[in-house]
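Structure first, commentary second.
The values are calculated or read from the model by the stated rules, or taken from the named source; none is laboratory data. Just so it is clear, the structure is predicted and the values come from calculations on it, not from any experiment. Backbone-built Cβ (ideal geometry, glycine too); neighbour counts: all protein chains shown.
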Amino acid sequence: MEIVLQQLLNGLTLGGIYALIALGYTMIYGVVKLINFAHGDIFMAGSFVGLFIALKISANIFAVMFGALLFCAVLGFLTERAAYRPLRDANPRNMIFTAVFVLVILFIAFLSQNSLKTLFASPKIWIGTILFLAFTIWLVATGAKRGGRKESSRINALISAIGMSIVISNMVGLIHGPKRAAYPEIIKFSEINILGIGFNGLQIFIILSSFFLMAALYIIVHKTKAGTAMRAVSQNMNAARLMGINPNKVVGFTFALGSALAGAAGVLVGIFYTVADHTMGGLYGLKAFVAAVLGGIGSIPGAMLGGFVLAIAEVFGVGFLDPQLRDAIAFGILIIILVARPAGFFGSTAREKV
């Protein structure tokens with residue numbers, strides 16, 4: 001019984017992390033019908049931001065969490081603004097913002113390996129910048145002449161999401177380096193004894209933090225004007241626009257909110273496993289996506305439940321079967337759900353008239 005309870009606690013700990021990341025996937029899909037495959041790397045960036053704050057500014061857990069939340073919210077908003085909004089509305093302003101965003105990313109990547117003096121002294125950099133700006137001006141002028149291109153295809157959004165994922169992962173790798181980073185001991189708990197069984201206090205903290213953040217999300221979605229606007233845009237974007245709601249602001253807010261939760265999950269992973277790696281966003285992102293599909297993509301309660309169900313199945317499989325089956329269990333569950341119930345636990349299928 002002690003082993004079963006310990007494994008259940010492990011599952012709830014990991015499930016809270018999966019659920020926080022999965023909520024970003026499901027909210028974004030619910031609003032714009034888009035799978036943001038850069039979401040896992042935003043989670044990874046939150047872990048590194050928390051590490052930076054703990055080492056350079058303050059090791060207080062609340063300061064670390066708040067800093068990661070804020071940074072990832074801004075990063076999520078900028079990701080939507082630069083990589084996804086021009087695909088929905090390719091007006092010149094959006095295209096210029098994307099061009100400036102890409103240019104800033106390239107300059108940061110260059111400065112991570114070279115000095116500012118080298119940047120200004122390099123003729124290749126200036127020539128490349130001028131050519132890039134000329135190409136951007138040509139694209140903007142062409143788009144303005146044609147009146148802008150509305151509602152790009154889903155495959156373009158998917159490619160853009162994958163591109164942003166690669167950009168964020170490589171930027172963190174360039175700035176920090178390819179090696180894993182050791183997380184400091186930000187918060188320390190002694191063992192908690194419940195009914196004669198000892199439990200890790202840090203795990204209890206992670207579970208309570210996850211439930212607190214999920215409760216805060218529920219309040220935002222169901223008790224605020226911003227949440228009402230999110231639900232309206234999710235049901236019908238055009239009708240919401242006619243009611244005076246700005247869909248672009250709602251979509252940007254949704255990206256920021258989901259990314260903030262992912263940033264918090266990144267800090268929780270860092271303090272629990274005491275390590276951060278610039279490649280960890282891929283696996284955690286995929287498993288959180290499985291959790292979102294398991295619960296029903298687009299359903300917030302489904303993402304929460306899917307995260308816990310997936311994690312509990314994973315840890316019990318590791319504990320009682322074979323540790324090498326850890327990842328196979330997660331993706332095996334995905335295959336079973338797609339075959340048996342594609343809509344997930346809380347999802348629903350709707351017929352479309354053509």
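Return a yes/no flag: does the stretch 74-83 have any residue that is more than 22 Å from the chain's Cα centre (by Cα) and aliphatic (A, V, I, L, M).
Among the residues of the stretch 74-83, not one is more than 22 Å from the chain's Cα centre (by Cα) and aliphatic (A, V, I, L, M), which makes the answer no.
Does the stretch 311-328 include one or more residues that are in contact with a Phe, Trp or Tyr (Cβ under 8 Å, 6 or more places away or on another chain) and assigned to a helix (DSSP H, G or I)?
Taking every residue of the stretch 311-328 in turn, at least one turns out to be in contact with a Phe, Trp or Tyr (Cβ under 8 Å, 6 or more places away or on another chain) and assigned to a helix (DSSP H, G or I).
Which residue is modelled with the lowest pLDDT, if the candidates are limited to the stretch 12-42 and must be more than 18 Å from A264 (Cα to Cα) and in a helix (DSSP H, G or I)?
V32
Anything in the stretch 171-193 that is in contact (Cβ under 8 Å) with a residue 24 or more places away in the chain and either β-branched (V, I, T) or not in a loop (DSSP other than H, G, I, E, B) (or both)? List them, or say none.
M171, V172, G173, L174, I175, H176, A181, A182, I186, I187 - these are the residues of the stretch 171-193 that are in contact (Cβ under 8 Å) with a residue 24 or more places away in the chain and either β-branched (V, I, T) or not in a loop (DSSP other than H, G, I, E, B) (or both).
Would you point out the residue of the stretch 227-245, among those that are hydrophobic (A, V, I, L, M, F, W, C) and surrounded by 14 or more Cβ atoms within 10 Å (Cβ to Cβ), that is farthest from G30 (Cα to Cα)?
I245
Can you report the number of residues in the stretch 87-114 which are closer than 13 Å to M164 by Cβ, free of Cβ contacts under 8 Å to residues at least 40 places away in the same chain and of a type outside the set (S, T, N, Q)?
Number of matching residues: 2.
Looking only at residues in the stretch 294-336 that are among the aromatic types (F, W, Y) and within 18 Å of I3 (Cβ to Cβ), which one is surrounded by the fewest Cβ atoms within 10 Å (Cβ to Cβ)? Break it down into steps so the answer makes sense when it comes.
At the first step, the residues of the stretch 294-336 found to be among the aromatic types (F, W, Y) are 308, 316, 320, 331.
Next, only the ones that are within 18 Å of I3 (Cβ to Cβ) stay: 316, 320.
Values: F316: 16, F320: 10.
Selected residue: F320.
Is it the case that the stretch 310-318 has a residue that's over 17 Å from F43 (Cα atoms), without any contact (Cβ under 8 Å) to a residue 12 or more places away in the chain and hydrophobic (A, V, I, L, M, F, W, C)?
yes
Has the stretch 297-315 got any residue that is of a type outside the set (D, E, K, R) and touching an Asp or Glu at 6+ places or on another chain (Cβ under 6 Å)?
no
Quick one: would you say G285 is among the small types (G, A, S), touching an Asp or Glu at 6+ places or on another chain (Cβ under 9 Å) and assigned to a helix (DSSP H, G or I)? Working first, answer last.
Values: among the small types (G, A, S): yes; touching an Asp or Glu at 6+ places or on another chain (Cβ under 9 Å): yes; assigned to a helix (DSSP H, G or I): yes.
Considered against the rule, which asks whether it is among the small types (G, A, S), touching an Asp or Glu at 6+ places or on another chain (Cβ under 9 Å) and assigned to a helix (DSSP H, G or I), G285 comes out as yes.
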